[in-house]
Each structure stands twice: as structure tokens, then as C-alpha cells.
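Everything below concerns the one structure shown next.
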Amino acid sequence: MFRLKAQGNRTGWLVLAVLFLLILLPLAAVVIQVLLPGVFFGNLQIGNLSLLLDVFRRPLWYVSLKNSVVLGIGTTLLGTMLGVALAMIRSKWTFPSAKLLDLAVWILIITPSFILAQGWVMFASSDGLATRWLGWSGLHQLVFQPAGLIVVMTLSKFPMAYLTVFAALEWKVEQLSDAARLSGGSRWTVWRTIQVPLLLPAICSGAMLVFMDTVGDFGMPASIATIFRFPTLPYSIYSALYTSPIRFDMAGALSFYLVLLIALAMSVQLYAMRKSRFDFLSSRAVRSVPKRPAKGAYWLMTGNLLFLAVVLGIPFGSNLLMSISSNASIDAKSGLTLKHYKALFTTDGNLLSGLVHSLEIAAVAAIIGLVVGFLVAYVLNYSEFKLRKAIDVISLVSLAVPGIVLGIGYIFIWNQAWLEKIGLLLYGTPWILVLASVAGVIPVITRVVVGAMAKVPKQLLSAAQMQGAGFLSRMGSVLIPLIKGALLYAGLAAFGASVFDLAISSILYPPNFMTLPVVINKAFEDLKFGYAAAATLTGGGLVILIIAAMELLFKPARKRQRRSSQ
């Protein structure tokens, strides 16, 4: 047992060091750059903290901060209400097309926001699909304004609130609601005074996720900027790095406020959850089973299909129609064509090289991230390492911190002259993209693997060690075979997320080393809508095929294993 504890401590320190290097150190560098500007480039001086107050004096900075706060609060309120309402409806009733809603939620979560935004731009712009095909000439005035952008963002961010609340509704204690009804309470009173308060932790968690994902979103503002100027903090940070001269001090100051907004959101959630106890489940709790409504199933199905037509049909349908339209205005009379798909492979070759680069980076990042996530999950499940909670928190930090801030930190850390002398000057090389991608996928991998490991008793590993099996032997012969399905799905999820990471790619991609999201976004900025749409669908389709092929390769192996065991 002493040897097992000592080995767990060694693994814990190793994991903590890796997470510090990948996540904490870049984030600390952003703060240090504000306090000591130039310290990472050999110029030690005390920072002018008045730069932090310039956000209230410089018009662009102030507008960016205000837009981020307005967009974050508005999307959080609408997105949380929409997600909570849909989750309650879905957990209570079953109806035709209900499973399509579950599928749509996952599609929206894994689809990069800049792809969804591009679809909305193609649909609602003054010369877009809505004007040309449907005659809705005033739609662009409704969409491309702060309130319209909040609605568009809500339709892409509500799945965060939906999933957290839907998971919390898995179990229910009917006697609480029954007692309230017997006391004369109406359905509305029961819902308002019992059901909603009991769901408060899940609602707060969902709202926090919606807020963090909104204020840190880079893809939506980057795509909307082609036709409507709505600067946010992530986009202004990006602009500070692509001005001449490069303003690292500005990027650091704006990143500080972005991290501050995230910290405030987490503080509000912790405060709300500490107000009272929520452990209401007892032996009388039963699993929630959706029931078919006595009447109204047709209306639920119709409303669901109309909703899906908006949240999925508009962004994906617009991309599809634009990719096969012969002109930029998607005119119904102009005819259809495949010229945009042909241009993907007959023009400058940026798409093909960008696609290959993105697939390579995503594959390497998924493999490295899988190793790191596996070790993190092992420490959290099986070791008695005294800093386990710290590891758990750090592993989730990169999920909360926007990729644009993480990218800034990587520039500060890996763009130093002394690193060149030891061969570790990673800035300007593809390896910095790999490291940043690993940091981004660690939370996803860890959450998936932790849940799978929790089902494997610690006694199995202890018994293997008592028989003389070393650490690698125990992992390879006992633990990995039992959770290989979870490892595969975690790796594929990390792979898919890394391919379309626009924020990391835009900040860190090396010269003459294009990636798929950068190619798509640059084509969109150049108003090559057809080319951008074709590239989006082609790249996304290829990624889906790769993921499906990996699953097929894995499933036959499991079937053969079952036959051999029989």
C-alpha cells in the first residue's frame, strides 16, 4: 500500500506539472504582462496600471467591453430560459421528433460558432437568402443589431443550459409536488416554489456555462464583422495582435478584463449555490420517464420541427445553398453549380494544405491529450495525492478561459529568445498549435475518462500490483481494456474539437502554415461566401467520416472479442 501511495504521489506531481505548463503558466503570463510589460521580451519594467483604466477612456476598448457584457448577459438570460424550458418539456413529455431535439443539441455543441454565424450572415444579410428567396428585405436590420445578435447567440448557446438541467431532471421526488397540490397549490405555484428552486444549482451551472461560452466566443464576432461592426473583447484582443506595431500590452489588458468577467460569473454561481441545501433525493426518488401527452402531441411535434428548422436549418441550410449557388447573392434564378467545390482543389491549394495541417494537429493533440487526460483521471480516481482537488480545478480552467486568452499566454511563454538556444522556441512552429490544442481538449477528455474509471474498482489495480505488475503493466492489462470505449470516444471528441478551433488557430498559426478554420474565415472575410461554405461542408464532412470510420474499426474488434470469449 505504501508503494501504491508513493507511485500515486509521483503521478500526481507529474500531472500537476504538466497542467501548470499547459494551462496555468500561460494564464499567469497574461496577468504578469499587465503588471510587468515587456518582461517576457527582456525588458523589465513596472507596468502602468492606468492602462487597465484606459478601457473606460478609449472608445474601442469601452465599446468592446460593453458589447461583451451586453451580449453575455442577454444571451445568458435568454439562453438559460430557453434551455430550461426545453429541458423541462423534454423530460416530461415524449412526442414524435423529440429525439431530433437531443441530436440537435449535440450538433450545436460540437459545431464551431463561426460556422453557425456564417450561415446566419448568408441567410440574413441584405443580399442573402431571406431577401432573394423569401422576400424578407428587412430581416438584416432586425438581425444585425445588438438585440438580434443576442437572439442568434442564444440559438447556438442554449444547449449548455439544456444539458445541465436535463441531467438534473433525471430523478424526481413526486411527494414534494403532491404535498403542495394537496395543500391547495396550483400547478404554477408548485412549479415556481418547488421545482424551480430545487433545480437552482443546475440552472446556475447552465447559466454560467452559457455566459462563459458567450463572452469568450471569438468565432461569432469574427464572422459578423464582415457586414456589421460589433467589436467584443475577444475580437479586439485579436485586432491588437494584428496591428502595426503589435500591442501586447493592449492584448494583455483586454485579456485581463475577459478573465475578470469569467471569474465574476463563477463567483455568482458559487454564491447562489451556497445559499441553501439542495440534497432532496431520497429512497422515494424515481427516474423520470417522459410520457406521451393526452393531447397536444401534434403541436409539440410541429413546434419542435419549426424550432429545429431555425436553429439548424438556417445556418446549415444557408451554407449548403451558398456552396452550390452560382453567384454570391444566392439568387434562386441563377441556377446551381459545383464550381465552388471544384475551386477547393484547383485554386491556390490553401484549403488542401490547411485541411491536412488541421487534421495532423488535431490527431497529435488528441493523442497527447488522451495520455494527459488519462493520467489526470487516474490521479482523481485512484490516488491519495493531497492536491487532487487542485488538479481537478486546473483541468477545468481551460474550459472556462477563452481560447483567445490562452493563445495570448502561449505567445508570452513560448516566444522568448533564450528558448531558441535550447531548441524550445515553439512560437512560429506547428508545435505551439499542438500544445494549445491539448490544453483546450483536456477538460473534455478528463470528464469522459473520469466517469469511465469510476466504474473500475481500485482493488483490481491493487491485486495486479501485489502480483508484481508495474504501473504500465497494470494500465495496459487491467485498466485500459476496461475503459477502452471511453478512451476512444474521448479521443474522437478531442480530435473533432481541435480541427475547427478558430481562436487558437487565428492567434498562433505560423507563417505559411494555414489551417482549415483560418482558410475558411479568411475566405469569408474576403466575401467569398460560396468558397467558404463549400470548404466548411467539405472539411466538416471529412471529419465526420474519419470519426465514423474510427468507430467502425473499433466496434468489429469488440464483436470478435465477444465471439472468442464465447
* **Subset of the stretch 495-514 [at pLDDT 85 or above, over 12 Å from SER358 (Cα atoms) and either surrounded by fewer than 24 Cβ atoms within 10 Å (Cβ to Cβ) or out of contact with any Phe, Trp or Tyr (no Cβ under 8 Å at 6 or more places or on another chain) (or both)]** => PRO510
* Go through (1) farther than 28 Å from VAL69 by Cβ; (2) at pLDDT 85 or above and name the single condition VAL39 misses. => (2)
* Every residue from the stretch 453-502 that is outside any loop (DSSP other than H, G, I, E, B), out of contact with any helix residue (DSSP H, G or I) (no Cβ under 9 Å at 6 or more places or on another chain) and polar (S, T, N, Q) -> GLN459
* To do: Can you tell me which residue within the stretch 406-440, out of those that are in contact with a Ser or Thr (Cβ under 6 Å, 6 or more places away or on another chain) and aliphatic (A, V, I, L, M), is nearest to LEU241 (Cα to Cα)?
  => ILE408
* Members of the stretch 128-153 that are at pLDDT below 85, loosely packed, with under 13 Cβ neighbours inside 10 Å and part of a helix (DSSP H, G or I) -> LEU134
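Suppose we filter SER326, SER267 for residues that are touching a Leu at 6+ places or on another chain (Cβ under 9 Å) and modelled with pLDDT under 80; which single one remains?
Within the list SER326, SER267, the selection yields SER326.
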* Structure fact -> Selection from the stretch 342-394 of residues at pLDDT 85 or above, in contact with a helix residue (DSSP H, G or I) (Cβ under 8 Å, 6 or more places away or on another chain) and among the hydroxyl-bearing types (Ser, Thr, Tyr) yields SER358, TYR378
* What do you reckon, is LEU100 assigned to a helix (DSSP H, G or I) and touching a residue at least 60 places away in the same chain (Cβ under 8 Å)? -> yes
* To do: Could you please let me know if SER205 is in a helix (DSSP H, G or I), hydroxyl-bearing (Ser, Thr, Tyr), assigned by TED's automatic domain parsing to the domain that holds MET88 and modelled with pLDDT under 80?
  => yes
* If you scan the stretch 365-380, which residues turn out to be in contact (Cβ under 8 Å) with a residue 40 or more places away in the chain and either acidic (Asp, Glu) or surrounded by fewer than 19 Cβ atoms within 10 Å (Cβ to Cβ) (or both)? -> ILE367
* Just for the stretch 71-97: of the residues that are at pLDDT 90 or above and hydroxyl-bearing (Ser, Thr, Tyr), which one is nearest to LEU200 (Cα to Cα)? -> THR80
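Taking the stretch 425-443 on its own, how many of its residues are surrounded by fewer than 19 Cβ atoms within 10 Å (Cβ to Cβ) and either out of contact with any Asp or Glu (no Cβ under 9 Å at 6 or more places or on another chain) or not in a helix (DSSP H, G or I) (or both)? Write out each step before concluding.
Residues of the stretch 425-443 surrounded by fewer than 19 Cβ atoms within 10 Å (Cβ to Cβ): 425, 427-431.
Filter again for either out of contact with any Asp or Glu (no Cβ under 9 Å at 6 or more places or on another chain) or not in a helix (DSSP H, G or I) (or both), leaving 425, 427-429, 431.
Residues meeting the conditions: 5.
Restricted to the stretch 390-424, and to residues that are part of a helix (DSSP H, G or I) and free of Cβ contacts under 8 Å to residues at least 12 places away in the same chain, which residue is nearest to LEU19 (Cα to Cα)?
The extreme case among them is VAL393.
The values are calculated or read from the model by the stated rules, or taken from the named source; none is laboratory data. Computed from a predicted structure; not experimentally measured. Counting neighbours? That spans all protein chains shown, and the Cβs are built from the backbone with ideal geometry, glycine included.
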